[in-house]
Amino acid sequence: MKRLLLFACLATLVAAGECRAGFLDELTRRAAPLLQGSALDDATVVKGLKEALATGTERAVNAVAKPDGYFGNQLVKILLPEKIRTAADVLGTLGYRKQVDEFVLSMNRAAEKAAPKAAGLFGDAVRQMTFDDAKKILNGGDRAATTFLEGKTRPKLFEEFKPVIAKSMSEVGTTRAYQEMIGKYEALPLAALAGGTSLDLDTYVTDKALDGLFTMLGEEEKKIRTNPAARTTDLLKTVFGSK
């Protein structure tokens with residue numbers, strides 16, 4: 001419809017002799033993006049969205065699946081569970097700051113080790129995406145694709161991440177460090193006044209690892225949507241440049 005209206009307008013103006021060449025050139029220039037956008041077919045949109053998701057998920061996974069991918073990034077760094085921060089603060093003042101810091105580092109190392117597991121599940125979700133999914137994502141907000149992928153993959157990712165994180169935390173001593181830290185704290189007279197410190201550490205770290213992964217994916221999606229330089233292929237430029 002956009003194409004027909006624009007062509008009709010141009011034909012009318014030319015036939016009536018009421019426009020100068022400069023005006024016609026300007027009108028044609030302004031119409032070009034609209035004509036390009038209307039020419040995108042369903043297959044192009046789906047292919048473009050799948051390519052964008054493949055690009056974004058690869059960058060997000062690579063960003064966190066390396067040493068300091070979580071620990072060195074304040075946006076996704078896994079911090080002490082709120083439930084035991086009081087215990088950690090008390091122990092820090094009593095000379096156990098090094099142990100507390102090592103505990104935080106080991107949680108992040110476990111998340112970094114689990115992150116590559118996301119690649120396969122993201123790939124499956126992208127391959128199964130329909131045109132309706134693509135249309136909603138293309139016309140959605142800056143995190144529409146991230147929200148789509150999180151809905152499709154988070155429960156499965158949790159199942160994949162948790163055993164890896166539990167094993168990693170056992171190997172690097174996270175669980176032992178946590179138990180020793182809490183043991184020292186609970187031996188203090190004031191611990192009884194502060195309440196319980198029971199915590200499912202494996203679940204906590206797994207949830208935080210996934211939060212960080214989807215945070216990074218959201219950042220990558222935003223770049224593709226808003227920054228032309230992040231559209232590294234002609235297809236991405238065509239699909240997202242036509243919006």
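Placing dummy labels 7 Å off each Cα toward the beta-carbon, the span from Asn62 to Lys98 is 3.8 nm. Counting only aspartates and glutamates at least 8 places from Lys162 when in the same chain, those with an alpha carbon closer than 13 Å to its own are Glu112, Asp200, Asp202, Asp207.
Taking label positions 7 Å along the Cα-Cβ direction at both Asp207 and Gln179, the computed distance is 2.3 nm, reported to one decimal.
Take Leu75: with every protein chain present and a 1.4 Å probe, its accessible area is about 100 Å². Annotation for Ala54 and Ser170: the two label points, set 7 Å from Cα along the Cα-Cβ direction, are 3.7 nm apart.
The values are calculated or read from the model by the stated rules, or taken from the named source; none is laboratory data. No experiment lies behind these values; they were computed from the predicted model shown. Ideal geometry is used to build each Cβ from the backbone, glycine not excepted, and the neighbour counts take in all protein chains shown. Side chains are part of the model used for accessible areas, which takes the heavy atoms of the whole protein and leaves out ligands, DNA and RNA. Shrake-Rupley method; radii C 1.70, N 1.55, O 1.52, S 1.80 Å.
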